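Before I ask anything, here is the structure I am working with.
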Amino acid sequence: MGSYKINEPATRQFLSLLNSGLWDREADMTPFRENGGPDWKGILEIAGTQAVVPLIYDGMMTLPQEMRPKGTALLKIIAYVDKVEMLNGELDAAAVEISGRLAAGGIRSVLLKGQGIAALYSNPGHRQCGDIDLYVGRKAYGKALELMRSWKEIHHEHQETVKHTGFMFGRLTVELHKEAFCMPSEKLDASYKVMEDRELAKDGTTVHLGKGAEAGDVIVPVPAFNIFYVFCHAFHHFMEGGLGLRQMCDLAILLHRYHGMIDPEEYGGTLKALKLDKEWQLFMGLLVDMLGLPAEEAPFYDKSSAALSRKLLEEMLGDGNFGHHKSLPDFSHLWKPLRKLGNLGIHHVLSARRLKYSPRHTLMYYRKMWKDGLANAFR
């Protein structure tokens with residue numbers, strides 16, 4: 001994917017449509033009138049790599065008929081959106097069923113990210129979806145694993161990580177979490193884990209998923225922790241490889257729906273304690289200045305972060321969702337030691353690019369990279 005600048009016509013038109021779809025309002029026509037109509041090739045390229053095609057479709061439908069894509073191009077977009085809607089329906093039903101089965105076995109689960117956030121969108125079926133993440137905690141994890149392995153729908157168990165084990169549930173991916181998140185330093189992670197254990201043990205809130213006989217309520221984290229967790233997850237992906245606008249839309253929706261439901265003083269204390277206050281302001285600048293989140297709904301928004309937030313967005317546009325679309329050399333065909341050296345070089349380049357956004361966390365992730373790399377080298 002190419003590098004897009006904020007002031008380029010396709011980027012401005014894309015952001016107009018994204019804001020329209022995200023907030024369920026008419027698209028700003030200015031970038032279309034100023035540039036002789038929409039650049040659909042550029043708009044749809046960005047939308048695809050950022051995993052927000054259904055939201056762009058919603059914005060597109062507010063444009064005058066003559067400005068919308070025609071013929072095959074329109075049919076392809078509609079077909080894509082239909083598939084996302086169908087998959088969202090399957091994920092909703094599966095999340096309700098799995099959490100219900102675990103509950104019947106005496107195991108309380110909390111739905112992380114994904115469908116729990118989708119339920120807060122104006123059109124839940126138009127959040128581009130992924131997998132199902134269910135947190136059960138360390139104490140219930142072994143029992144939950146044993147129970148899930150007994151289900152006929154479960155197959156292709158993935159290798160266990162420090163946080164979770166993944167399965168296929170029919171054609172859907174499910175991750176069973178004993179931990180929700182890990183900080184890059186042991187000291188910060190120890191402090192964070194105390195909060196994670198406490199907050200995810202709370203009653204939380206519920207969201208209603210699905211339709212008809214397959215519908216039901218599932219537990220999601222309490223608002224303040226939900227927001228913090230989604231922010232940490234997004235920031236982690238930015239530091240380790242790449243971040244897309246789908247994750248930023250999720251954070252914007254959470255802040256909008258939960259406005260007034262968090263204690264700013266307590267939340268600010270958490271950000272400072274975990275050394276994420278400056279990074280939070282960077283993300284808030286992007287949400288307010290580029291994605292249309294009202295400033296009053298973005299705690300600690302600071303206009304002074306605007307220039308760096310714009311650079312962050314341009315980097316995200318170039319890297320694509322989770323960094324999957326950035327141009328990187330391929331070392332997979334090389335002898336293993338050379339492959340490892342090549343990948344190490346990529347991590348060094350990425351670390352250098354991240355320094356301007358978060359010097360302190362770049363150094364933490366750099367140390368973590370070496371620690372994990374050396375451990376893997378001797379396996």
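Each value in this text was obtained by applying a stated rule to the coordinates, not by laboratory testing. Because the structure is predicted, anything quoted here is derived from the model rather than measured. Positions of Cβ are backbone-derived with ideal geometry, glycine not excepted, and every protein chain shown enters the neighbour counts.
Roughly what would the spin-label model give for His348 and Val194, points 7 Å off Cα along C-beta, in nm?
Here the modelled spin labels are 3.9 nm apart.
Per the Kirkwood formula on distinct C-alpha pairs, the Rh of the stretch 10-51 is how many angstrom?
One over the average 1/r among Cα pairs gives 10.3 Å for the stretch 10-51.
What is the extension gain from Lys371 to Leu75, computed as 0.36 nm multiplied by their sequence separation minus the C-alpha to C-alpha distance, in nm to one decimal?
Answer, rounded to one decimal: 101.6 nm.
Mind grabbing the base-10 log of I(q)/I(0) for the chain at q = 0.15 Å⁻¹? Debye formula, identical points on the C-alpha positions, no solvent, two decimal places.
So the normalised log intensities work out to -1.53.
Ignoring everything except DSSP H segments at least 4 long, calculate the 222 nm mean residue ellipticity for the chain; use -39,500 (n - 2.57) per segment, divide by total residues, nearest 500.
Per the formula, -18000 deg cm²/dmol.
Quick one: compute a quarter of the convex hull surface over the Cα atoms of the stretch 222-327 and quote it in nm².
For the stretch 222-327, averaging the hull's shadow over all directions gives 6.1 nm².
Sticking with this structure for a sec: Note the full-extension length gain between Glu160 and Ser304 as 0.36 nm times their separation in residues minus their Cα-Cα distance, in nm to one decimal. Please report the intermediate quantities before stating the final value.
Working: separation 144, 0.36 × 144 = 51.84 nm, distance 4.24 nm.
Extending this stretch completely gives an extra 47.6 nm.
Could you pull out the pairs from Lys272/Lys371; Lys163/Lys303; Lys113/Lys152 whose alpha carbons sit more than 30 Å apart here?
Details: Lys272/Lys371 25 Å; Lys163/Lys303 36 Å; Lys113/Lys152 26 Å.
Flagged as over cut-off: Lys163/Lys303.
Taking the alpha carbon gyration tensor of the stretch 106-220, what are the square roots of 5 times its eigenvalues, largest first, to the nearest whole Å?
Each semi-axis is √(5λ); the values are 23, 19, 14 Å.
After finding the eigenvalues of the alpha carbon gyration tensor for the stretch 31-114, what semi-axes result from the square roots of 5 times each, listed largest first in whole Å?
Numbers: eigenvalues 294, 33, 18 Å².
Output for the stretch 31-114: semi-axes of 38, 13, 9 Å.
Right, next: Out of the stretch 157-213, which GluC sites (Glu not before Pro) are coil in DSSP terms and have no more than 14 other C-beta atoms within 10 Å?
Passing sites in the stretch 157-213 are Glu157, Glu160.
May I ask for the distance between the Cα centers of the stretch 181-258 and the stretch 75-143, given as a whole number of Å?
13 Å
Sorted by mean Cβ packing within 10 Å, highest first, what order do the peptides 23-31, 124-132 take?
124-132, 23-31
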